[in-house]
Amino acid sequence: MRLSAPLLLILLYAGNVPAQTKEGLQELNGTPLYLKTIGEGEPIVVVHGGPGMNHSYFLPHLNRLAKKFQVTYYDQRASGRSPIPSVISLQSFADDIEAIRKYLGHDQIYLLAHSWGAIPAISYSLQHPDKVKGIIFCNPIPFSKAYDEEMKANQQNKLMGSDSTDRSIILGSPNFKAGKSSAYKKLLLLSFRHSFYKRPNFSKLNFEIPANYKEASQALYSGMGSELRSYDYYAEVKKFSFPVLILHGSADAIPLSASQQAMENLPNGTLEEFKKSGHFIFIEEPRKFTHVVSQFIDR
């Protein structure tokens, strides 16, 4: 059968884009979790930052990976489109990842953990090392609280005089006092304004804030507050025999030394520094990010 030119173009084009997106709430580990899966190939489960953020800030930036791999985004419990459950703990976050792996039907998965997402990713991997094919840590927060003061100082050095004024305006606004998600979004965007190597790249950061953001944040910190006040995983990651890739943006407030310490303790680790990025490498250096992650998985 001879194909017409328009049909041939459609078929050729379809081969260069990710497979159809599958998304929606799934009942997993005793609570509905919002999942979005794009593409086919080696499975990557993306663990977003927070606590309390959601997968939306990865879009559309990480979709480049879905041209070669199966990329699954999910909103952690009490985050984004996932409702507030009765149980919130670091253990439940790890159990959620295991439930997602089983739901996807893969014996092993790659984890791509950004910022605070490193903590649930580590927790899961310590409990299920045989289910992890590799981890990509993207701008991971330090694996202990030892760097808190240095991070705080780095953030302060990036602030401008207008920031405190803008923050006061938001905190004093009727919308913030009423717990409106729009006010919390403005506050979050203000905190991320200096998280970029180039200031204009800030405009590429987009994320959704659910209407119940205030209640969800309170539930998260109430459930995990004691666990997040003190932790140290640097010695623990010595147990990881699978490959680990750490991506660090030079302009990030997170100290490079924190990622270097992780590298020293990882038996099979690689550290890649991105000189023209801050906290969101996949936004500022998307081509290099996609190339380095693809090489890591295809090795």
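The residue that is nearest to H248 (Cα to Cα), counting only those in the range 72-123 that are among the aliphatic types (A, V, I, L, M), touching a Ser or Thr at 6+ places or on another chain (Cβ under 8 Å) and outside any loop (DSSP other than H, G, I, E, B), is L111. Residues in the range 201-233 that are farther than 23 Å from N175 by Cβ and crowded, with 17+ Cβ neighbours inside 10 Å: how many? Here the count works out to 4.
Quick check on A146: is it under 14 Å from V47 (Cα atoms), modelled with pLDDT of 95 or more and aliphatic (A, V, I, L, M)?
Details: under 14 Å from V47 (Cα atoms): no; modelled with pLDDT of 95 or more: yes; aliphatic (A, V, I, L, M): yes.
Judged against the criteria, A146 is not a match.
Quick one: is S257 surrounded by fewer than 18 Cβ atoms within 10 Å (Cβ to Cβ), among the small types (G, A, S), touching a Ser or Thr at 6+ places or on another chain (Cβ under 8 Å) and closer than 19 Å to Y197 by Cα? No, not satisfied. Of the candidates K186, K152, the single residue that is basic (K, R), part of a helix (DSSP H, G or I), within 23 Å of the chain's Cα centre (by Cα) and surrounded by fewer than 17 Cβ atoms within 10 Å (Cβ to Cβ) is K152. Scanning the range 96-115 for residues that are touching a residue at least 60 places away in the same chain (Cβ under 8 Å), out of contact with any Lys or Arg (no Cβ under 6 Å at 6 or more places or on another chain) and crowded, with 20+ Cβ neighbours inside 10 Å turns up D96, I100, L111, L112, A113, H114, S115.
Taking the range 171-180, which residues are surrounded by 15 or more Cβ atoms within 10 Å (Cβ to Cβ) and within 19 Å of Q218 (Cα to Cα)? First the steps, then the outcome.
As a first pass, look at the range 171-180 and keep what is surrounded by 15 or more Cβ atoms within 10 Å (Cβ to Cβ): 173, 176, 180.
F176, K180, listed by residue number.
How many residues does the range 215-269 contain that are of a type in the set (F, W, Y), out of contact with any Leu (no Cβ under 7 Å at 6 or more places or on another chain) and in a loop (DSSP other than H, G, I, E, B)? Lay out the reasoning, then the answer.
The first filter runs over the range 215-269 and keeps only residues of a type in the set (F, W, Y), leaving 221, 231, 233-234, 240, 242.
Cutting the leftovers down to out of contact with any Leu (no Cβ under 7 Å at 6 or more places or on another chain) gives us 221, 231, 233-234, 242.
Now narrow it down to the ones that are in a loop (DSSP other than H, G, I, E, B): 231, 233-234, 242.
Number satisfying all stated conditions: 4.
Would you check which residues across the range 210-223 are touching a Phe, Trp or Tyr at 6+ places or on another chain (Cβ under 7 Å) and free of Cβ contacts under 8 Å to residues at least 60 places away in the same chain and list them?
Initially, the range 210-223 is screened for residues touching a Phe, Trp or Tyr at 6+ places or on another chain (Cβ under 7 Å), giving 213-214.
The one that is touching a Phe, Trp or Tyr at 6+ places or on another chain (Cβ under 7 Å) and free of Cβ contacts under 8 Å to residues at least 60 places away in the same chain: K214.
The values are calculated or read from the model by the stated rules, or taken from the named source; none is laboratory data. Keep in mind that this is a model prediction, so the values were computed, not measured. Heads up, the Cβs are rebuilt from the backbone with ideal geometry, glycines too, and the neighbour counts pull from every protein chain shown.
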